[in-house]
Amino acid sequence: MALTDRYVLWGSDDNLGRVLRASRTPVKDGKTILWQPHHDVWWIVAKKQQIYAGTFRDTGQGDEKYAGAFLLASADEGQTWQKLLEDSDGGRPFSAFDAESRQLSADGWLYCATVSGKAYRVRRTPK
């Protein structure tokens with residue numbers, strides 16, 4: 001779960017790949033703003049209007065048969081999204097962005113890593 005200036009956001013890890021968003025004031029039920037079947041949203045980090053989401057795609061071949069990790073970003077509180085990174089780890093059985101800094105640094109950097117040990121430092125400035 002993450003908070004922006006106006007919204008609460010959370011992701012689904014139920015193989016439906018949804019990011020949901022609800023208004024902070026007045027409090028409302030969440031609405032799906034991003035949906036990608038066979039994906040799990042592993043984590044979400046937000047600050048002001050910037051949102052990052054780490055996901056992975058299920059191949060549908062059973063436990064721990066995943067086909068790539070994706071780092072998605074939105075600079076407008078979830079109105080539009082962009083894929084920043086895709087990491088397939090050369091076909092490793094489990095590749096996901098499984099760790100992140102939980103907060104953006106003071107300068108707006110996000111630190112994240114895949115299960116195989118690849119690490120990334122990413123920063124996007126909202127327009």
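Some notes on this structure:
- Restricting region 33-58 to residues that are free of Cβ contacts under 8 Å to residues at least 24 places away in the same chain and not in a strand (DSSP E or B), the residue that is nearest to the chain's Cα centre (by Cα): 36
- In region 85-92 there is at least one residue that is more than 17 Å from the chain's Cα centre (by Cα) and either modelled with pLDDT of 80 or more or crowded, with 18+ Cβ neighbours inside 10 Å (or both).
- Residue count, region 11-53 (criterion: crowded, with 22+ Cβ neighbours inside 10 Å and either in contact with a Cys (Cβ under 6 Å, 6 or more places away or on another chain) or hydroxyl-bearing (Ser, Thr, Tyr) (or both)): 1
- Contacts under 7 angstrom Cβ, first residue in region 1-13 being without any contact (Cβ under 8 Å) to a residue 40 or more places away in the chain, partner outside any loop (DSSP other than H, G, I, E, B), 6 or more apart: 8/22; 10/20; 10/44; 12/18; 12/41; 13/40; 13/41; 13/42
- Applying the criterion of being of a type in the set (Ser, Thr, Tyr) and at pLDDT 85 or above to the residues of region 49-76, the residue that is farthest from residue 110 (Cα to Cα) is 74.
- Scanning region 18-32 for residues that are free of Cβ contacts under 8 Å to residues at least 40 places away in the same chain and not hydroxyl-bearing (Ser, Thr, Tyr) returns 18, 20, 22, 24, 26, 27, 28, 29, 30, 31.
- On the stretch given as region 97-127, residues that are surrounded by fewer than 12 Cβ atoms within 10 Å (Cβ to Cβ) and at pLDDT below 75 total 2.
- Flag for residue 79 being of a type in the set (S, T, N, Q), surrounded by fewer than 21 Cβ atoms within 10 Å (Cβ to Cβ) and modelled with pLDDT of 90 or more: yes
The values are calculated or read from the model by the stated rules, or taken from the named source; none is laboratory data. This structure is a prediction, so every number in the text was calculated from the model and none was measured. Counting neighbours? That spans all protein chains shown, and the Cβs are built from the backbone with ideal geometry, glycine included.
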